[in-house]
1. As a test question: what accessible area, to the nearest 10 Å², does residue 39 have when a 1.4 Å probe is rolled over all protein chains in place?
2. Based solely on its DSSP helices, what 222 nm [θ] is calculated for the chain when runs of n ≥ 4 H residues each add -39,500 (n - 2.57) and the sum is averaged over all residues, nearest 500 deg cm²/dmol?
3. In whole Å, how far is the Cα centre of the range 346-388 from that of the range 109-125?
4. Work out the length of the dipole vector of the range 252-384 about its Cα centre, built from +1 on the beta-carbon of each Lys and Arg and -1 on the beta-carbon of each Asp and Glu, and round it to the nearest 20 debye.
5. State, as an integer percentage, the relative contact order of the range 2-246 based on alpha-carbon contacts under 8 Å between residues 6 or more apart.
6. Looking at the chain as a GNM with Cα springs under 10 Å, which of 98, 274, 195 has the largest mean-square fluctuation?
7. Out of 336, 327, 47, any idea which swings most in a Gaussian network model of the chain, alpha carbons joined below 10 Å?
8. Please work out the Cα center distance from the range 149-223 to the range 43-103, rounded to the nearest Å.
Amino acid sequence: MTDFDTICNEVQKKKRTYRPMSPEIVLTSSFYFDDFNEYAEATSNEFEHYVYTRGTNPTTELLEEKLAKMEEGERCKVFASGMGAISATFFTMLKANDHVIFVNTVYGTTVSLIRYMERYQISYDIVNSTDTDVILSYIKDETHIIYMESPSSQKFELIDLEAIAKVAKQKDIITVIDNTWATPIYQRPLVHGIDIVIHSCSKYIGGHSDIVAGAVISSKQTVELIEEKGFLYLGATCSPLNSYLALRGLRTMPVRMRQFTKNICTVLDYLSTDKRIKKIHHPYCGNAWQKQLAEKYLDGYGSLFGIDMVDDDLEKLKVFVNALQVFTLGVSWGGFESLVLPVFKGNNQQAIIDRGLDVTHLRIYVGLENPQELIEDIKAALTIAYGK
Ligand SMILES: *Cc1c(COP(=O)(O)O)cnc(C)c1O
């Protein structure tokens, strides 16, 4: 009798002899041991051995090695999402009575997270300024983390990372930056003295709008602490399949980033001449101070930006969004496709104003389509909504 049950279920223990050019997707939850000694050694140090994919996995580890190198950090831990990385960092680093400073218009869900953490006696301040002295004036005895985005979500304003990191170090405050917009290709904050870099790999790193993943990069000591606490306890493990797709995204990332810079500058050169647009939020269109910071910190430009309209009629804004043909209405960004996202959702005007934004504020993402087509699309939609 053929034993189908055993044939279909036996563990594959044959030693491999092939050497694939492309990294393997090690899609396994657990790893087996040849004998007791190997088991005992591996489980006594799960970070150095493969035991269980909630801890370490070879495909994910390869991605971690590459991201750590790109950011010039000692070590990286990859997570199931950018928010997984952010919440693991807060969970690991904060305790009751700590205070956090949020600089600028930080990513909305990150702000919601720190608001939620008030119930754990963690307090925070949101500083709506790029002025170093103003930012530093919010430091209290209890301040434990300064959390930054540079450029920030929505307003895309830069801050002086070195000046902030210098004072924070003197006061034993941990500096954290979400570097998703610039990517390590255009900005390496650890080199400027920032302690922890966070990424949403769902954006430029994945690059194809097909994965959700995140990463934390820092010193070996800091990443190991986050790995032991926030990573293992909260369990936001990246699937090896998504790690593979992120590795695949990295292959073309330098090429894509160069193209994004070209495309965004072409589109902004046009938009800055259009009289129907009141303000463009992007470092390329910033004031002298922002240009100076861009010169110091950025090696190129990301292609996500904001615009405010001259005409504040929100019905016309809806018409504009609906009239776009090449740009697609949708969340997220960093993929191949151009996107548009109004902050106005139908009845949230007060919330928009409270965040310090214009009610007509639109987030636009320039993808890899022909920038001339993108300009024509915006021009045509502006004319339909606001007239010539
Ligand atoms: C998308 C995004 C996040 C959240 O990342 P997820 O992978 O969606 O969890 C955090 N910060 C910035 C700047 C983002 O754009």
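1. It works out to around 110 Å².
2. Helix contribution divided over all residues of the chain: -11500 deg cm²/dmol.
3. Spelled out, the Cα-based centre of one part sits 30 Å from the other.
4. Taking the Cα centre of the range 252-384 as origin, the dipole is about 260 debye.
5. Working: 425 pairs, mean separation 62.8, N = 245.
Across the range 2-246, relative contact order equals 26 percent.
6. Looking only at 98, 274, 195, the biggest GNM fluctuation is shown by 274.
7. In this elastic network of the chain, the residue with the biggest mean-square fluctuation among 336, 327, 47 is 47.
8. Between the Cα centres of the range 149-223 and the range 43-103 lies a distance of 14 Å.
The values are calculated or read from the model by the stated rules, or taken from the named source; none is laboratory data. This one's a predicted model, so the numbers in the text were calculated from it and none came from an experiment. Note that we place each Cβ from the backbone using ideal geometry, even for glycine, and neighbour counts take in every protein chain shown. Surface areas here come from the heavy atoms of the whole protein model, side chains and all, with no ligands, DNA or RNA. Shrake-Rupley method; radii C 1.70, N 1.55, O 1.52, S 1.80 Å.
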